[in-house]
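The structure under discussion appears below in the form of structure tokens.
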Amino acid sequence: ELMPPDAASPLPAGKIRDSNRLMLIAAVREARAVPIDLGIVSDSEEELRSAVSEAISSADLLISTGGVSMGALDLMKPLLEELGTIHFGRLHMKPGKPTTFATLPRDHQQRALPFFALPGNPCSAMSTFQLLVMPALKAMQKMAAVAGPRVGCQLLGPGLQLDAERPEYVRASVWFDPILGQMVAHPTGIQQSSRLLSFRAANGLVHAPRGPGSLCAGSIVHVTLTSPLQSTSQSQEVKAVILCSAQAVQEADYIRIALQQQHPSISQRSLVFPNPAVTVLPQQEEGSSYAQQLERSCQDAELVLVLDESESEELWLESCLGRRAPGVEMLLSGSMGEDINALNALWGPVAGMWGQTFVVSLPRQGGPATRALAVLVEALPGILRSANR
């Protein structure tokens, strides 16, 4: 099902681009090791055996991704059982449960070859690389065998829902907050193991324990740093306005606070939102009145968030925007997941440009709106750069 990253679009049905290989090659280089790329190997026992045999004679450590779960074509574990010794085949962690570690004997060599078989989902592969493979590579280079500096941080954002079965390593952006006088960590949005975008913004993994309930904002958590702390010295202020109906003022204020808490180090974007304004739309549901208020807001803002639950919202907002942003609309739709209820079931994201101002709709309810906002802010630097061209 994997295709090279530069394969022509559109991809055939059932195919996806191979993101893991380039990601892991870059991570190996960052660990000061030399990667040997053996390419994509099909789900065939013969081809897997051939690739592993070739690598045994040329590598000091082997890394694979995919083929270690429970599917009919997940053939890596049976092959490793045949060729060597599996030391563990499952881990009590999230993401990364099917991670497997084995050693393979080599002819005329005293030391067996270590083999890390990582999961196929991108975030699972990268998390387990940082926590397991990176220390191994460091140890082989006579360096301290640690995953990364472990620091205590104050948790920011909406908090973390704990997993009842497994401890979780949550991708987060970490920085030193001069106002709070301590390290802080802000999770990078939806933590699905397939959502590679959450790693783009991350420089740390929050250790979330197994259990019921959640970790609330302000909690002190342990974080493993995966890359250097991000600088916040070159922050750019963004003027933002939130438009809402009279019935949604409380929710708009919730979004205003959430927007202010978005820190400039997230996604390395260097954006801050100092004083977002909340403006109430006219009582009458007339597109022309809404458009007039939107035009006034766009005169003073670079970003306008529309928080309005009326059924006419999508129609009037679409008619106002000169240039739509379908990619952003798809991102926001994906942020909702299964979190749909009566307050936001009819919400369909509308995003685009009014002149030089980026305008986007958000669902009314605070939780889903906050998650959509987190996804939006990750993409916002590129959006604003495009708007100013």
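Quick one: which of CYS153, CYS123 is of a type outside the set (S, T, N, Q), closer than 30 Å to VAL272 by Cα and either touching a Lys or Arg at 6+ places or on another chain (Cβ under 7 Å) or surrounded by fewer than 18 Cβ atoms within 10 Å (Cβ to Cβ) (or both)?
Answer to the selection: CYS123.
Mind checking which residues of the stretch 126-150 are open to solvent by 60 Å² or more (accessible area, probe 1.4 Å) and touching a residue at least 60 places away in the same chain (Cβ under 8 Å)?
Result: MET140, GLN141, PRO149, ARG150.
Output yes when any residue across the stretch 94-108 is surrounded by fewer than 12 Cβ atoms within 10 Å (Cβ to Cβ), free of Cβ contacts under 8 Å to residues at least 24 places away in the same chain and within 24 Å of MET140 (Cα to Cα), and no when none is.
yes
Among the residues of the stretch 2-10, is there at least one that is within 16 Å of ALA125 (Cα to Cα) and touching a residue at least 12 places away in the same chain (Cβ under 8 Å)?
yes
What is the number of the single condition among (1) touching a strand residue (DSSP E or B) at 6+ places or on another chain (Cβ under 6 Å); (2) hydroxyl-bearing (Ser, Thr, Tyr); (3) assigned to a loop (DSSP other than H, G, I, E, B) that SER64 does not meet?
The single condition SER64 does not satisfy is (3).
Residue by residue through the stretch 192-229, note down the ones that are in contact with a Cys (Cβ under 9 Å, 6 or more places away or on another chain), open to solvent by 40 Å² or more (accessible area, probe 1.4 Å) and not small (Gly, Ala, Ser).
GLN192, LEU196, ILE220, HIS222 - these are the residues of the stretch 192-229 that are in contact with a Cys (Cβ under 9 Å, 6 or more places away or on another chain), open to solvent by 40 Å² or more (accessible area, probe 1.4 Å) and not small (Gly, Ala, Ser).
Would you please name the residue that is nearest to ASP60 (Cα to Cα), looking only at residues in the stretch 1-36 that are among the small types (Gly, Ala, Ser) and surrounded by fewer than 15 Cβ atoms within 10 Å (Cβ to Cβ)? Explain how you work it out, then say what you get.
Going residue by residue through the stretch 1-36, those that are among the small types (Gly, Ala, Ser) are 7-9, 13-14, 19, 26-27, 31, 33.
Still in the running and surrounded by fewer than 15 Cβ atoms within 10 Å (Cβ to Cβ): 7-9, 13-14, 26.
Values: ALA7: 31, ALA8: 34, SER9: 37, ALA13: 37, GLY14: 35, ALA26: 17 Å.
Filtering the stretch 1-36 for residues that are among the small types (Gly, Ala, Ser) and surrounded by fewer than 15 Cβ atoms within 10 Å (Cβ to Cβ), the one nearest to ASP60 (Cα to Cα) comes out as ALA26.
The values are calculated or read from the model by the stated rules, or taken from the named source; none is laboratory data. As the structure is a computational prediction, the values presented were derived from the model and not from experiment. As a convention, Cβ positions derive from the backbone with ideal geometry for all residues, glycine included, and neighbour counts pool all protein chains shown. Heavy atoms of the whole protein, side chains included, go into the accessibility calculation; ligands, DNA and RNA do not. Shrake-Rupley method; radii C 1.70, N 1.55, O 1.52, S 1.80 Å.
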